[in-house]
């Protein structure tokens, strides 16, 4: 698994973010009440306001969104995930910008992967020059932020999260 094994170019990452954004939008729309007075429903992760994710927990709704967007395949190798899926932080949880990112940007930086693929990506990151890793991280963030700005539901979610509005109650 050489340097080229992790094909995370801007075009591939953009296509993946677009697929996740579309799956998330469909999830939000489908979870909305049909009419005033409809029974309460659980909030979709994009609707939750408040501070960005500080812990590693993530709800089943977002995992389902990722699985749908990825077609049930590992983000890295493309093979079916089955029950072996792990949550891949393409932008690592330990990244210095992570705590300050809006939740919606954090969510866009997550993918499902096999445990061994997840570990291989982590090893790849640790064995590359810091400048190369910084380039990859900058591209991941740049594209995720562009997708958020261009997609109305994601932009609204980011706006609400930045201002601390819409906290789940």
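The values are calculated or read from the model by the stated rules, or taken from the named source; none is laboratory data. These numbers come from a predicted model, not from an experiment. Using ideal geometry, Cβ is built from the backbone for each residue, glycine included, and neighbour counts are taken over all protein chains shown.
Does at least one position in the range 43-53 carry a residue that is modelled with pLDDT of 90 or more and over 15 Å from the mean Cα position of the chain (by Cα)? The answer is no, given that none of the residues of the range 43-53 is modelled with pLDDT of 90 or more and over 15 Å from the mean Cα position of the chain (by Cα).
Residues of the range 63-91 that are in contact (Cβ under 8 Å) with a residue 24 or more places away in the chain, in a loop (DSSP other than H, G, I, E, B) and surrounded by fewer than 16 Cβ atoms within 10 Å (Cβ to Cβ): 77, 79, 84. From the list 144, 120, the one residue that fits, being surrounded by fewer than 20 Cβ atoms within 10 Å (Cβ to Cβ), part of a helix (DSSP H, G or I) and touching a residue at least 12 places away in the same chain (Cβ under 8 Å), is 120. The number of residues in the range 123-137 being assigned to a helix (DSSP H, G or I) and either out of contact with any helix residue (DSSP H, G or I) (no Cβ under 6 Å at 6 or more places or on another chain) or in contact (Cβ under 8 Å) with a residue 40 or more places away in the chain (or both) comes to 10. On the given criteria, is residue 11 modelled with pLDDT of 65 or more, assigned to a helix (DSSP H, G or I), over 14 Å from the mean Cα position of the chain (by Cα) and exposed (fewer than 15 other Cβ atoms within 10 Å of the Cβ)? For residue 11, the condition - modelled with pLDDT of 65 or more, assigned to a helix (DSSP H, G or I), over 14 Å from the mean Cα position of the chain (by Cα) and exposed (fewer than 15 other Cβ atoms within 10 Å of the Cβ) - is met. Listed conditions (1) more than 29 Å from residue 134 (Cβ to Cβ); (2) at pLDDT 75 or above are all met by residue 86, apart from (1).
Residue by residue, here is whether (1) touching a residue at least 12 places away in the same chain (Cβ under 8 Å); (2) in a loop (DSSP other than H, G, I, E, B); (3) surrounded by fewer than 20 Cβ atoms within 10 Å (Cβ to Cβ); (4) touching a helix residue (DSSP H, G or I) at 6+ places or on another chain (Cβ under 9 Å) holds:
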| position | (1), (2), (3), (4) |
| --- | --- |
| 96 | no, yes, yes, no |
| 99 | yes, no, yes, no |
| 105 | yes, no, no, yes |
| 116 | no, no, yes, no |
| 139 | yes, no, yes, yes |
| 159 | no, no, yes, no |
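For residue 152, work out the one condition from (1) closer than 20 Å to residue 18 by Cβ; (2) in contact (Cβ under 8 Å) with a residue 40 or more places away in the chain; (3) more than 15 Å from the chain's Cα centre (by Cα) it doesn't fulfil. In the conditions (1) closer than 20 Å to residue 18 by Cβ; (2) in contact (Cβ under 8 Å) with a residue 40 or more places away in the chain; (3) more than 15 Å from the chain's Cα centre (by Cα), residue 152 misses (2) alone.
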